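First comes the structure, then the notes that go with it.
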Amino acid sequence: MSEVKLAAETRTEFGKGAARRIRRENKVPGVLYGHGSDPLHLTLPGHDLLLALRTPNVLIALDIDGKSNELAIPKAVQRDPLKGFLEHVDLQLVKRGEKVTVEIPVHTEGELAPGGNLLEHVLNALPVETEATHIPEAVTVSVEGLEAGAAVLAKDITLPKGTTLAVEEDAVVLQVLAAQAEEASEGEAAEGEEAAEA
C-alpha cells in the first residue's frame, strides 16, 4: 500500500464563513483525531487530497506546519451533493504497526455458470482488521462457474497475511440469484387468466 504525503496547516478559524474561505483557496477543512489526543483542526490541499482519496483506505503522511509528521487514514469524507467537491474530511491518527478496522472493496473475477444468473454483492466492502501501514487495497473473489443459490461467505475469502475478518465468518458477501424474468412473465400470465375468469 502506498503512502501519500500531504502538507497540512493547522487552522484557528471555524464556522461556515471560514470554511467557505478555505474552499475558495482550493483547500479543504479537516480534523485529525485519535489516540486520546485533542482533535487537531487542519487545512489540506484540495486537489492533492482529492487524488489521494481515489485509493480506498489511503495512508496519508501529514506534514503539519512543517513541524510534525503524522500518519492518518480517512474516516469520513463530506462532498457537495451537487458538484461533488470536497467539503470536509475526518482523518484518524494511526501509528506504524497499529491494527485498525477498515472496510476493503470486494472485487470479483470469472464468469457465473450459464443461465442468465445474477450476482448480488451483499457486502460491497469487507470489514477487516489489519496493520495501519499495510491496508490491502481490495480483495478479489473468483465466481467462476457458481450456480444459482451459491453464496460466498466471509470465511471463504482469502485475506492477505496480517489481515483478519472484522465481521462474522458466516456473513454472506456474495450470492448468486436465479434469473427471474421468465418466472415473472409466467406469474403475470396466470394473474391475467384469473382476471379473465372473474
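Assorted remarks:
- Hz values of 3J(HN,Hα) by residue in segment 119-126 - Karplus curve (6.51, -1.76, 1.60), Gly and Pro given as x: 9, 9, 8, 5, 10, 6, 9, 9
- Degrees between helix 181-197 axis and first principal axis of the chain (Cα, 0 to 90, nearest 10): 50 degrees
- Between residue 61 and residue 77, residue separation times 0.36 nm minus the direct Cα-Cα distance comes to 4.0 nm.
- For the pair residue 138 and residue 7 in one chain, pulling the backbone fully straight at 0.36 nm per residue adds 44.5 nm over the alpha carbon distance.
- Maximal additional length on extending the residue 148-residue 167 stretch stands at 4.4 nm, based on 0.36 nm per residue less the C-alpha distance.
- Working from label points 7 Å from Cα in the Cα-to-Cβ sense, the residue 20 to residue 156 distance is 5.3 nm.
- 20 Å Cα-Cα threshold exceeded, pairs from 5/95; 5/67; 75/161; 75/95; 16/67; 67/95: 75/161; 16/67
- Amide hydrogen proximity for residue 112: with H placed 1.01 Å from N in the peptide plane, the residues at 5 or more positions away or on another chain lying under 5 Å are 145.
- Peptide packing for 57-63, 72-78 was compared via the average number of neighbouring C-beta atoms within 10 Å per residue; ordered from the highest value, the list is 57-63, 72-78.
- Surface composition of segment 15-172: carbon plus sulfur atoms hold 48% of the accessible area, using a 1.4 angstrom probe and ignoring ligands, DNA and RNA.
- The phi torsions of segment 34-43, fed into the Karplus equation with coefficients 6.51, -1.76 and 1.60 and a -60° offset, translate into couplings of x, 6, x, 8, 5, x, 10, 8, 10, 10 Hz, rounded to whole numbers, with Gly and Pro shown as x.
- Think of a 1.4 Å ball rolled over the protein heavy atoms: segment 1-137 then has 57 Å² of accessible area per residue.
- Amide proton proximity set for residue 94, modelled H, under 5 Å, gap of 5+: 71, 72, 73
The values are calculated or read from the model by the stated rules, or taken from the named source; none is laboratory data. Source: prediction; values computed, not measured. Because the Cβ atoms are built from the backbone with ideal geometry, glycine has one as well, and the counts that use them run over all protein chains shown. Accessible surface areas use protein heavy atoms only, side chains included; no ligands, DNA or RNA. Shrake-Rupley method; radii C 1.70, N 1.55, O 1.52, S 1.80 Å.
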